[in-house]
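Encoded as structure tokens, the structure appears first; notes follow it.
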Amino acid sequence: MSQQPAPHLQRSVIHLLRRVDQCATQLYSTETADTDLTLRQLAILTAISRQENLSQTDLVTITGIDRSTVAGIVSRLLRKGLLERKRSPLDGRAYCVRLSKKGQKAIAGADRIYSRVEKKLLAGVPASEANQFASTLRTILSAHVDEAMTSA
């Protein structure tokens, strides 16, 4: 007999967001079974591919991934040969990262991967609702990022 989620969980935005995240992560894993890049690693590589000379602090700001996790991801990507580290041109005490040739190849299909996963994730949702959902998520995120900035 199939267990139905408790009614209060079906109304809980926090619970529903966590479950959608689980679905998205599973779809990503299925789509990228032939690679060994996690979703967060792909996010870091994508950010770096869009802008040169990013520091780890920049990556925290851009991706929303916490500082210690970004540091670990960058270390793993350096070991895999997907990133190169160099002194920052703006601050000689700091380091920034850029994609290596291998990293450029690894990220080449990122936009297609994101599109395929999102298409599968939202397959049963009318386009107007999917657009509204994305807009609502951006609004929520923006409000909380702005709040964090003003309280810092």
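So the values come out like this:
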{"quantity": "19 Å reach of a label modelled at residue 132, 7 Å along Cα-to-Cβ, counting backbone N of segment 16-39", "calculated": "16-17"}
{"quantity": "Calculated FRET efficiency for the pair residue 52/residue 22, C-beta based, R₀ 35 Å, to 0.05", "calculated": "0.55"}
{"quantity": "Karplus 3J(HN,Hα) series, Hz, for segment 35-44 with 6.51 cos²θ - 1.76 cosθ + 1.60 (x for Gly, Pro)", "calculated": "10, 10, 9, 6, 4, 5, 4, 5, 4, 5"}
{"quantity": "Inter-label distance, nm, simple model (7 Å from Cα along the C-beta direction), residue 29/residue 125", "calculated": "2.1"}
{"quantity": "Long-range amide H partners of residue 88 with built H, under 5 Å", "calculated": "94, 95, 96"}
{"quantity": "Reach of residue 105 by Cα under 19 Å, taken over aspartates and glutamates that are not fewer than 8 positions away in the same chain", "calculated": "31, 34, 36, 52, 84"}
{"quantity": "Two-site label geometry, residue 11 and residue 143: point separation in nm, points 7 Å out along Cα→Cβ", "calculated": "1.9"}
{"quantity": "Residue 83 long-range amide H proximity, modeled H, under 5 Å", "calculated": "78, 100"}
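No lab work stands behind these numbers, since they all come straight from the coordinates. Predicted, not measured: the structure shown is a model, and the values here were computed from it. Cβ: placed from backbone, ideal geometry, glycine included. Neighbour counts: every protein chain shown.
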